[in-house]
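Novice: The structure is given below, and queries will be raised subsequently.
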Amino acid sequence: MPESRRVVWRYYTYLATTAYGFYLPVGLLYLQREFGYAVVGLTQGVFAFALLAAEIPTGYLGDRIGRRASLAVGNALSAGALGVFVFLDTPAEYVILYVVWAVGWAFRSGTEQAWLYELLQSRGEDEAYARVSGRGSTVVLLVSAVTAAAAGVLVTYGWEVPLLANAALSALGVPLVLSLPAVSGDGDAPADADVFRVRDALHTLRVQVGRPEVRWVVAYVALFHVLFAVTRPYESPIAEQVGVPVAALGLLFAGFKLVSAGAASTAGWFRDTLGTRRVFALLIPVYGLAYATVALLPVLVLPVFFLNRSVQKVVRPLRDQYLNDRLTDVGRATVLSGASMVLSLASGTANLVSGPLVELLGPFRFLAAAGVVIAGLGGLLWLAVSPVRTSDGAGATSPAGAAEVD
């Protein structure tokens, strides 16, 4: 146990190097100042699509080169992207940069959790996974908060300073992750291992898409994920427009991270107190009213930013729990990955469209219109198909044996 504890703390130290707090307050603001809102939306859309396209090939390569090497490649690519960020000259170069960064992100996607689970399982401590993983998420959020606050100070010495600091932090993760012990995923899989084939995965996806209780909840959540996605890229430029000085943006983003950490801890309380169905139903009035206020009083956009991030931290675990309760073990990961792909497609498309619309309407009218329209579409979808289904008569019945939501 003491040896496992030391390894877990080294894992936490590695996770700290995956934080992007130095970049968050200043990166997209720099892009907006240099090229405008349209390029901000373009780069975020390209990142989402590149991440989607890279998931399967990087997963395959990760299985070939091992967990630790995959994580090291991810950190190295992130460090390279951040290191050259302010030294590029054209929008096309930034598009390429975000593609490279997305590939690096994909190398780490899921691999961090897989390494941790396999380590704990090999030592008979797999029941500790949720606790250790949750603490790891808290580490990343706290480091992001601290580094975001520092970015506000560092940017006064030049735009490149906080970005180079984040590059150095990411680069530090390479030797740290390689110092972690090997797990089963760092070697070749046994020759006789059971294989969940591609055609099995496609069949599973077709079956699950045919189930209304799965199909419609993914569509409903995707709507509000779009609103989340088209808000985040413009937080820094919009905050500056309502009077937040560049040096204070770091503190604002530190606040985002701290509030997000607190919101994430309330997901279980919301589920136990209100139930998933009621929480999801409340997204319609909460988002609709909150975003509408931005058109009336632009300064209210700041609490809307906090609300947006906090709601997503509550919705994600409730969404995953709802889907997990309706899936069998075989193909579970495939269906959850399919849901994530839908969200990535929706957010990527929305980001590509959002940039020109922000240029046309202005950021405040755009956000207000987007919130009201998406809340309205969510309301229509709720009335038409009852996307969140339970077995207690509140909606269509869930499959036999599925756990109840409320």
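Novice: Tell me, what ³J(HN,Hα) does each residue in region 16-23 have, in order and in whole Hz, if you take phi through Karplus 6.51 cos²θ - 1.76 cosθ + 1.60 with θ = phi - 60° and put x for Gly and Pro?
Specialist: These are the phi-based 3J(HN,Hα) values: 4, 7, 9, 6, 10, x, 5, 7 Hz.
Novice: Continuing with this model, one more query. Label Ser179 and Leu88 with points 7 Å out from Cα along Cα→Cβ: what is the distance between them in nm?
Specialist: 3.2
Novice: State the extension gain, in nm to one decimal, for the chain segment bounded by Arg215 and Arg135, taking 0.36 nm per residue of separation less the distance between their alpha-carbons.
Specialist: Between Arg215 and Arg135, full extension yields an extra 25.6 nm.
Novice: Rank Ala38, Ile96, Gly136 by how far each Cα sits towards the positive end of the charge dipole of region 1-183 (+1 on Lys, Arg Cβ; -1 on Asp, Glu Cβ) and give me just the farthest.
Specialist: Of the listed residues, the answer is Gly136.
Novice: Where in region 86-108 does the label zone of Ile65 land, with the point 7 angstrom along Cα→C-beta and an amide N cut-off under 11 Å?
Specialist: Under cut-off, by backbone N: 104, 107-108.
Novice: At a Förster radius of 22 Å, what calculated FRET efficiency corresponds to the Cβ-Cβ distance of Leu383 and Asp325, to the nearest 0.05?
Specialist: 0.40
Novice: In nm, give the distance between the simple-model label positions of Thr349 and Ala76, each being 7 Å from the Cα along the Cα-to-Cβ direction.
Specialist: Between Thr349 and Ala76, the simple spin-label model gives 3.7 nm.
Novice: Once you charge only the Cβ atoms, +1 for Lys and Arg and -1 for Asp and Glu, what is the size of the charge dipole of region 1-183 about its Cα centre, to the nearest 20 debye?
Specialist: 420
Novice: Continuing with the same structure: I'd like the distance separating the alpha-carbon centroids of region 267-303 and region 138-178, in whole Å.
Specialist: About 31 Å separates the Cα centre of region 267-303 from the one of region 138-178.
Novice: What does a probe at Ile56 reach in region 84-127, counting residues whose amide N is under 17 Å from the point 7 Å along Cα→Cβ?
Specialist: Hits in region 84-127 for Ile56 at 17 Å: 103, 106-107.
Only the coordinates and a few stated rules stand behind these numbers; no lab work does. No experiment lies behind these values; they were computed from the predicted model shown. All Cβ positions, even for glycine, are placed from backbone atoms using ideal geometry, and neighbour counts span all protein chains on display.
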